[in-house]
Amino acid sequence: MERTNSRKEPRSVRIDSTGRPIENSILKSIPDFEYDLLRGHLEPLNLPQQHILHEAGEKIEFAYFLNDGMASLVVLTSDGRSVEVAIVGKEGIVGTPLAVGLNRGPHRAIMQILGSGLRVKSAVLIDTLRSAPEMRLIWNRYVLIQGLQVAQIAACNRLHEIEKRLARWLLMCQDRIDSGVLHVTHEFLAQMLGTGRPSVSLAAGILQRGGLIENERGTVTILDRQGLEDAACECYFAMKHFNGGTGTP
């Protein structure tokens, strides 16, 4: 008699309550039973650029699963400066403190590249996790990966030259939005990389003269992906290694 596998694989095409395809990797990876527990509570929404998902120190009301676009986790200082410590795209979830029982986080979560996704009330997600061991395992793994990303970016911002850091950031961004056209300003990049705008403009000029990017007002276009990888610091590849060498850094 042939034995059957009790663990059902996820459906090939997974949709939200409006019939739109799910692109978020976590929601696509969990078994059908676990997804069905969440499906009725997932609220589809568009996420414009600069939309704040949650503030540092404030209660996390919702967790967000991005389908496209990109969010940043940002540290804010009392003098108004900021620096990015992690980025989240369709590979992850915004609201990782919830995984360890915390309802507040130390970072601002803000949409840096517009997109769309689904949100779920924090209390609902926490309750669902009690009956969803596979999702809990995947989420815990993602929390670890994000912690490694935070540490690697901190080292990168302290130790590496600005043009290498910029190349690393552009690659990480492209990995998440599947596009080589990034609608970002030098002022924004300076805030994310924890440096001044003149330094970013100089670094962007170096990469452009090398034929790696095209730098226009408010837009950076990646022209030579391999060349940009060669120009990036080791941190980009270290973060890819965290995900087994094949995942999103």
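The values are calculated or read from the model by the stated rules, or taken from the named source; none is laboratory data. This structure is a prediction, so every number in the text was calculated from the model and none was measured. So basically every Cβ, Gly included, is an ideal-geometry build from the backbone, and we count neighbours across all protein chains shown. We work out accessible area using only protein heavy atoms, side chains counted, and drop any ligands, DNA or RNA first. Shrake-Rupley method; radii C 1.70, N 1.55, O 1.52, S 1.80 Å.
For residue 184, the conditions (1) part of a helix (DSSP H, G or I); (2) open to solvent by less than 10 Å² (accessible area, probe 1.4 Å); (3) closer than 21 Å to residue 87 by Cα all hold with the exception of (1). Any residue in segment 102-121 that is part of a helix (DSSP H, G or I), over 23 Å from residue 197 (Cβ atoms) and open to solvent by less than 40 Å² (accessible area, probe 1.4 Å)? There is no residue in segment 102-121 that is part of a helix (DSSP H, G or I), over 23 Å from residue 197 (Cβ atoms) and open to solvent by less than 40 Å² (accessible area, probe 1.4 Å). Screening the candidates 168, 136 for the property of being among the charged types (D, E, K, R) and open to solvent by 10 Å² or more (accessible area, probe 1.4 Å) yields one hit, 136.
Note on segment 189-206: residues that are open to solvent by less than 20 Å² (accessible area, probe 1.4 Å) and within 25 Å of residue 73 (Cβ to Cβ) total 7. Answer yes or no: is there a residue in segment 208-215 that is more than 24 Å from residue 74 (Cα to Cα), of a type in the set (D, E, K, R) and surrounded by 14 or more Cβ atoms within 10 Å (Cβ to Cβ). There is at least one residue in segment 208-215 that is more than 24 Å from residue 74 (Cα to Cα), of a type in the set (D, E, K, R) and surrounded by 14 or more Cβ atoms within 10 Å (Cβ to Cβ).
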